[in-house]
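Heads up: the structure comes next, in structure tokens.
The values are calculated or read from the model by the stated rules, or taken from the named source; none is laboratory data. Please read all numbers here as calculations on a predicted model, not as lab measurements. A quick note on method: Cβ atoms are made from the backbone with ideal geometry, for glycine too, and the neighbour counts reach across all protein chains shown. The accessibility values were calculated without ligands, DNA or RNA, using every heavy atom of the protein model including side chains. Shrake-Rupley method; radii C 1.70, N 1.55, O 1.52, S 1.80 Å.
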Amino acid sequence: MIRLTRINHAPLFLNCDLIEHVELTPDTVISLVTGQKLRVLESPDEVVDKVVDFRRRICEGRLPCGSAIPT
């Protein structure tokens, strides 16, 4: 899971496996495979960086599957 911030500044923890695509319209809109759309304050590049960092940490063994959410 990755930590993001909703437009209203509320924290959001998202299972990044559910992301279908991310677009800038001018808000960052994350479309999920469920059909749900989320608007967040982070840029699309920041979202991608968070996903890559999360997956890298898993591959390096720093986060076993099912572990706590990284900050």
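Tabulated data
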{"read-out": "Output for the range 5-48, where each listed residue is open to solvent by 60 Å² or more (accessible area, probe 1.4 Å), of a type outside the set (A, V, I, L, M) and either touching a Gly at 6+ places or on another chain (Cβ under 7 Å) or in a strand (DSSP E or B) (or both)", "value": "6, 11, 13, 20, 21, 23, 37, 39"}
{"read-out": "Long-range neighbours under 6 Å by Cβ, at least six apart or interchain, first residue within 15 Å of residue 29 (Cβ to Cβ) within the range 1-18, second open to solvent by 40 Å² or more (accessible area, probe 1.4 Å)", "value": "5/41; 7/39; 12/6; 18/33"}
